[in-house]
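The values are calculated or read from the model by the stated rules, or taken from the named source; none is laboratory data. No experiment lies behind these values; they were computed from the predicted model shown. With ideal geometry, Cβ positions are generated from the backbone for all residues, glycine too; neighbour counts draw on all protein chains shown. Ligands, DNA and RNA are excluded from the accessible area calculation, which covers all protein heavy atoms including side chains. Shrake-Rupley method; radii C 1.70, N 1.55, O 1.52, S 1.80 Å.
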Amino acid sequence: MAAVAEPLAVLQRVFDRLILADDVRFADMSPKVLPQVLPFLNTRDSAVRNKAIEVLSHISKRLRPARQVQLPCGVLVRLASDREASPFLRNFAAAFLDLGLPRVTDPAARRDMGLAALEAFQRRGGPLGAVEASILAAFLAAVEDLQEAALEAGQGAGPGAIAGVEWAGAAAGGGAEGDVGERPSGGRPLAPASAVMAPSAGTACPPRLVDALVDVLLLVPNPAPPPSGLSGPRVARVTSKPPVLQGASSWAGLADLQRMKLAVLRLATPFRRFFRPWSVAPVLLAGAGDSTAEVRELAEAALRDLRDLPDQAPPQLAGWLLRCFILNRPPEAGELKDEWGGQWLARTPLDWRLRLRTVEFILKDCSEGLVHWVEQDLDHVGT
């Protein structure tokens, strides 16, 4: 009973402080309290979990009209993407992330959020599940800030560390208003002890993220029915939690969608070296089929830059493009497990012009991979 009574007492004290706080104090307390209360949802004790939900519901109710309150979205991304956390924690963290995403105005906070989302896609352990749309929205909302970080660093983002997030009050001994001051029984740190690293030159874009960014480049305003190359689930993945770029009201219109596509392509261009260039070749190809001249020309220029690189396309790239852009078949198990992994969502056939452009790209730039893929397919038929 004592093990249950202690976290219940902690949560009750936090709840009492929040209820008594006026709007000014609440705006200061809630961003500090939120990432400390959420981990209590990991408990198996229903009384503790229910009290945590009561506190979080109160925070949510008061946050919604208080649009000036900035939430710690980088921490929320890490909590929502923690595959070892309970579904309660991950879903609540994603809900608060959705609430806080349009409010993040500080460039450093947006970069932290974007890098946390990138780390979530890089982490092994299978698909992100129901929270993936929220984490993808966090990455897309920060894509211009990540691009600026890459520019400032010269030849790519480089190994820039973001400090690990500690429990508020733990390092300082507790006592600050809004701090829970105690870690939940059996709780885990809010972030890994090691620093979160920005991608350096040579870091591959995570395959699941590549797949989603292709969908962003294929998207059109008001995508009903789904445009060529997409499907209902794919459209939902990139639009159900709409990302908002800094200063934009939405991305439903043509201008904001074009801005998003250009930002994605600029981050993926080879000279930025934010990602390993060949790992984002499918994204560049998708951009080359866009109906907007500015998007199409930027993608084509980036594809030309790929040919000037000393390294060659990985052999898996030809097979992945053939199956996913031409034959509309999911990647083979080996490709899923290795370089191009991820849960596959069916596509509708791509526009014929983009398919022709993809075939041309494969023949010119992935010929060795094409031979390797054909040989594997023939071996498969032979068996």
Looking for something under 25 Å from the mean Cα position of the chain (by Cα), at pLDDT 80 or above and within 26 Å of Gln122 (Cβ to Cβ) - is there at least one such residue anywhere in the range 355-362?
no
Only one of these is modelled with pLDDT under 95 and assigned to a loop (DSSP other than H, G, I, E, B): Arg25, Arg67, Arg49. Name it.
Arg67
Could you grab me the full set of residues in the range 65-92 that are open to solvent by 10 Å² or more (accessible area, probe 1.4 Å) and either farther than 25 Å from Asp16 by Cβ or of a type in the set (D, E, K, R) (or both)?
Arg67, Arg78, Asp82, Arg83, Glu84, Ala85, Ser86, Pro87, Arg90, Asn91
Test: residue in the range 44-64 that is surrounded by fewer than 13 Cβ atoms within 10 Å (Cβ to Cβ), touching a residue at least 12 places away in the same chain (Cβ under 8 Å) and among the β-branched types (Val, Ile, Thr):
no
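Rundown of residues vs (1) more than 14 Å from Leu97 (Cα to Cα); (2) more than 24 Å from the chain's Cα centre (by Cα), yes/no style:
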residue: Asp22; (1), (2): yes, yes
residue: Lys32; (1), (2): yes, no
residue: Leu41; (1), (2): yes, no
residue: Asp45; (1), (2): yes, yes
residue: Ala52; (1), (2): yes, yes
residue: His58; (1), (2): yes, yes
residue: Lys61; (1), (2): yes, yes
residue: Pro72; (1), (2): no, no
For residues in the range 65-92 being touching a helix residue (DSSP H, G or I) at 6+ places or on another chain (Cβ under 6 Å), in contact (Cβ under 8 Å) with a residue 40 or more places away in the chain and among the polar types (S, T, N, Q), which is nearest to Leu128 (Cα to Cα)?
Ser81
Would you say Leu321 is surrounded by 15 or more Cβ atoms within 10 Å (Cβ to Cβ), modelled with pLDDT under 90 and within 25 Å of the chain's Cα centre (by Cα)?
yes
The condition of being aromatic (Phe, Trp, Tyr), under 24 Å from the mean Cα position of the chain (by Cα) and either more than 21 Å from Ala204 (Cα to Cα) or at pLDDT below 85 (or both) holds, among Trp340, Trp352, Trp373, only for Trp340
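Thr239: within 18 Å of the chain's Cα centre (by Cα) and more than 21 Å from Ala204 (Cα to Cα), yes or no? Don't jump to the end; show me each part of the working.
Numbers: within 18 Å of the chain's Cα centre (by Cα): yes; more than 21 Å from Ala204 (Cα to Cα): yes.
When the stated conditions are applied, Thr239 passes them.
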Go through the range 193-235 and give me each residue that's modelled with pLDDT under 85, buried (at least 22 other Cβ atoms within 10 Å of the Cβ) and of a type in the set (A, V, I, L, M).
Ala198
